[in-house]
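Peer 1: Quick one: the structure is below, questions incoming.
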Amino acid sequence: KAKENGTNNFQFFDESMADQDVNKFELENDLRNAINNDSLTVFYQPKYNSNTNEITGAEALARWKHPRHGMIPPGVFIPIAEEANLIVPLERMIIRQVFRQLVAWKEQKYEVPRTSINISIIHFYQEDFVKFMQKSLNEYDLVGELIEIEVTESIMIKKEDSINEQLQALREIGIEVSIDDFGTGYSSLSYLSKLSVDRLKIDQSFVSHSQENREIISTIVSMATNLKLKVIAEGVETESQIDLLKSLGCQEVQGYYYSPPLPSNEYETMMNREFLAN
Ligand code: C2E
Ligand code: MG
Ligand code: MG
Ligand code: MG
């Protein structure tokens with residue numbers, strides 16, 4: 001029986017899988033094996049400039065198809081990985097997979113825009129994180145300008161110099177840094193101006209109730225403007241949300257309105273239309 005030490009994710013896990021008698025420790029073991037066998041996959045969700053309708057990048061999202069239980073959402077397996085000390089190997093597996101994919105696209109002459117990878121704050125306590133990124137870029141002969149990392153606002157609550165130094169070092173090799181789920185973390189806004197980041201990613205909870213939250217969205221956009229940061233909105237599902245975001249000064253968007261996360265070959269087809277030379 002799964003241990004009841006509930007984050008919301010575990011409650012979800014308990015509810016949805018109780019009848020299948022999924023055991024948390026069994027799942028943890030299966031996840032460890034999946035990481036060792038490189039059998040998680042990556043989906044890519046394109047990001048768009050809503051003025052030009054051009055693809056500006058994509059977010060890499062981890063997918064796990066369990067041999068018996070089918071697709072398990074990251075909202076379930078990421079917290080398990082974080083608890084079981086598996087998040088660093090999991091993310092390094094995802095990073096390598098993305099890099100291999102970028103090499104394949106490069107060889108096929110796709111001009112791929114930047115790809116973002118979600119990084120848990122736990123990964124920043126692994127001393128060699130920046131070195132790992134630098135080494136992997138070299139190994140695959142890729143430039144940092146192809147990569148962005150998304151870290152959640154918890155990074156601002158910690159206020160740790162060592163984390164900020166790592167962000168700065170990543171940016172020095174061309175990697176962009178975005179703050180994911182921005183606005184949900186009750187973080188210290190004064191610290192934001194000291195933090196080495198490129199972009200704020202407005203959380204989808206504000207976007208999905210955009211009319212009620214227009215003041216919040218507008219505040220985040222003007223804060224980003226004042227701090228010379230870029231801004232993107234996630235979870236955009238309707239045209240009216242796009243119109244509102246545009247009118248509030250947020251052009252970059254990501255969400256089901258444009259596209260769900262796609263297997264690499266389907267994302268490739270979209271790029272084919274847009275980026276392939278000739
Ligand atoms: P996130 O980074 O905030 O990613 C956005 C999530 O919203 C994704 O869910 C995406 O599929 C979903 N989404 C995109 N557009 C829409 C929309 O229009 N409406 C709605 N309702 N949802 C939309 P997903 O793929 O289930 O991932 C959930 C979370 O799991 C991610 O949230 C991220 O925090 C985490 N995650 C996924 N892959 C990784 C990873 O490799 N490492 C880490 N640390 N976390 C990951
Ligand atoms: Mg993200
Ligand atoms: Mg997000
Ligand atoms: Mg989110």
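Throughout, read-outs are computed from the coordinates displayed, never taken from laboratory work. Quantities reported herein were computed from a predicted structural model and do not represent experimental measurements. Glycine gets a Cβ as well: all are built from the backbone with ideal geometry, and neighbour counts include every protein chain shown.
Peer 1: Checking Glu252 against (1) without any contact (Cβ under 8 Å) to a residue 60 or more places away in the chain; (2) within 28 Å of Leu102 (Cβ to Cβ): exactly one of these is not met. Which one?
Peer 2: So Glu252 meets the others, but not (1).
Peer 1: When you scan region 126-143, do you find a residue that is under 14 Å from the mean Cα position of the chain (by Cα), more than 15 Å from Glu28 (Cα to Cα) and in contact (Cβ under 8 Å) with a residue 12 or more places away in the chain, even just one? Steps first, please.
Peer 2: Taking region 126-143 as the starting set, the residues that turn out to be under 14 Å from the mean Cα position of the chain (by Cα) are none.
Taking every residue of region 126-143 in turn, none turns out to be under 14 Å from the mean Cα position of the chain (by Cα), more than 15 Å from Glu28 (Cα to Cα) and in contact (Cβ under 8 Å) with a residue 12 or more places away in the chain.
Peer 1: Is there a residue being among the β-branched types (Val, Ile, Thr), in contact with a helix residue (DSSP H, G or I) (Cβ under 6 Å, 6 or more places away or on another chain) and within 11 Å of ligand 1 (Cβ to nearest atom) anywhere in region 50-73?
Peer 2: Looking for residues that are among the β-branched types (Val, Ile, Thr), in contact with a helix residue (DSSP H, G or I) (Cβ under 6 Å, 6 or more places away or on another chain) and within 11 Å of ligand 1 (Cβ to nearest atom), one finds none in region 50-73, hence no.
Peer 1: Also, I was wondering about something else. Please pick out the residue among Ile157, Ile163, Ile175, Ile179 that is closer than 16 Å to Phe99 by Cβ and either of a type outside the set (Gly, Ala, Ser) or within 16 Å of ligand 2 (Cβ to nearest atom) (or both). Lay out the reasoning, then the answer.
Peer 2: Working: Ile157 fails: closer than 16 Å to Phe99 by Cβ; Ile163 fails: closer than 16 Å to Phe99 by Cβ; Ile179 fails: closer than 16 Å to Phe99 by Cβ.
Ile175 is the lone residue from the list that is closer than 16 Å to Phe99 by Cβ and either of a type outside the set (Gly, Ala, Ser) or within 16 Å of ligand 2 (Cβ to nearest atom) (or both).
Peer 1: Continuing with the same structure: For Ile121, only one of the following conditions fails: (1) within 16 Å of ligand 3 (Cβ to nearest atom); (2) more than 15 Å from Phe43 (Cβ to Cβ); (3) buried (at least 18 other Cβ atoms within 10 Å of the Cβ). What is its number?
Peer 2: (3)
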